[in-house]
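Laboratory data are not the source of any read-out in this text; all were calculated from the coordinates shown. None of the values given here were measured: they were computed from a predicted structure. Cβ placement follows ideal geometry from the backbone for every residue including glycine, while neighbour counts extend to all protein chains displayed.
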Amino acid sequence: MLMTKLKSKKEILSLTSGSFFVINCHGCKEVGFPEEEAKALEKELMAAGRLAGVITTDYVCNPAELTLRLRSCLPIIAEADAVLVLSCGVGVQTVAEYLEDCKVFAACDTIELPGFQGVTPLEYDCGQCGECFLNLTGGICPITACSKSLVNGPCGGTKNGKCEVCPDMECGWERIIQRLKAQGRLDVLRCPTQMHDFNTDEATKAAKESE
Ligand code: SF4
Ligand code: SF4
């Protein structure tokens, strides 16, 4: 089981000053979806005139399914300033790859919970790190696409675009940099990423104390 937890409203609203096209994934039973918070966010965006459109679908992590479902929405998506995906990290990465010219943002953090994790064969991986970095990396996960799970840029060991640890694998950070460059968003890398310390996190402490 994994849980998707909505990021703070402040963080989401700061992703663009313009409009969002929202993709809700009600995909699998193994992923908890923040239903009420998602509805409230949608209402707020609509009231502010910042909701370009919404689609609620399932299995956005399946590229063939996603292509089919989004086909009729592409003209509206093209008018929106950004696409906001409410799904686990795998879903966001799949959408970001499909809409690689658009700014695709994760609205949620993906948190691992004990139990069954699902068996769907997937193109992308999410390490369920608890604080999704995809909004700073063009929708490519630095935790799983980089052998060292670096979140503040490449290690410097890449050769011809390949990873120094796994030479068969493309360097995740080369991919991130190329994606951000193509979108004219390299400036997001100027601000060092702050790692969340779950040891001192109030919510984590409260959860441990209640065990
Ligand atoms: S940064 Fe990667 S591992 Fe962390 S939640 Fe996002 S997709 Fe998952
Ligand atoms: S070469 Fe690239 S993918 Fe490999 S560890 Fe270094 S930054 Fe990460």
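You can think of it this way: the chain between LYS159 and MET46 has 36.0 nm of extra reach, that is 0.36 nm per residue less the Cα-Cα gap.
Pull out the extension gain between SER8 and ASP101, defined as 0.36 nm times the separation in residues minus the alpha carbon to alpha carbon distance; nm, one decimal. Present the calculation step by step, with values, prior to reporting the outcome.
Values: separation 93, 0.36 × 93 = 33.48 nm, distance 2.55 nm.
Contour length minus the Cα-Cα distance gives 30.9 nm.
Taking only alpha carbon atoms, segment 60-112 gives an Rg to Rh ratio of 0.96, where Rh is the Kirkwood radius.
Cα gyration tensor of segment 62-186, axes a ≥ b ≥ c as square roots of the eigenvalues: rounded (a/c below 1.5), prolate (a/b > b/c) or oblate?
Values: a/c = 1.76, a/b = 1.23, b/c = 1.43.
The shape class here is oblate.
Run the helix sum for the chain: -39,500 (n - 2.57) per DSSP H stretch of 4+ residues, divided by residue count, reported at 222 nm to the nearest 500 deg cm²/dmol.
On the way: 8 runs with 65 residues, N = 211.
Counting only the DSSP helices, I get -8500 deg cm²/dmol.
For segment 2-202, the Cβ-based charge dipole about the Cα centre amounts to some 480 debye (Lys, Arg positive; Asp, Glu negative; other atoms uncharged). The distance separating the Cα centre of segment 59-104 from that of segment 137-202 comes to 21 Å.
Of the beta bridges in the chain, as assigned by DSSP with both residues counted there, near 35 percent are antiparallel.
Each Cα pair under 8 Å and six or more residues apart adds its sequence gap; the mean of these over the residue count of segment 28-149 is a relative contact order of 22 percent. Using C-alpha pairs under 8 Å with a sequence gap of at least 6, the mean separation divided by the residue count of the chain gives a relative contact order of 19 percent. A simple count of charges around LEU66, restricted to other residues whose Cβ falls under 11 Å of its Cβ and scoring Lys, Arg +1 and Asp, Glu -1, yields -2. Extension gain for MET195 to LEU68 (0.36 nm times residue separation, less C-alpha to C-alpha distance): 42.1 nm.
From the Cα gyration tensor of segment 19-131, with a ≥ b ≥ c the square roots of its eigenvalues, which class applies: rounded if a/c is under 1.5, or else prolate if a/b is larger than b/c, or else oblate?
Working: a/c = 1.94, a/b = 1.35, b/c = 1.44.
It is oblate, given that a/c is not under 1.5 and a/b is not larger than b/c.
Model label sites at ALA78 and ASP187, defined 7 Å from Cα along the beta-carbon direction, differ in position by 2.6 nm.
Show log10 I(q)/I(0) for the chain at q = 0.14, 0.15 Å⁻¹, two decimals, from a solvent-free Debye sum over equal Cα scatterers. With no solvent term, the Cα-only Debye profile gives -0.87, -1.00.
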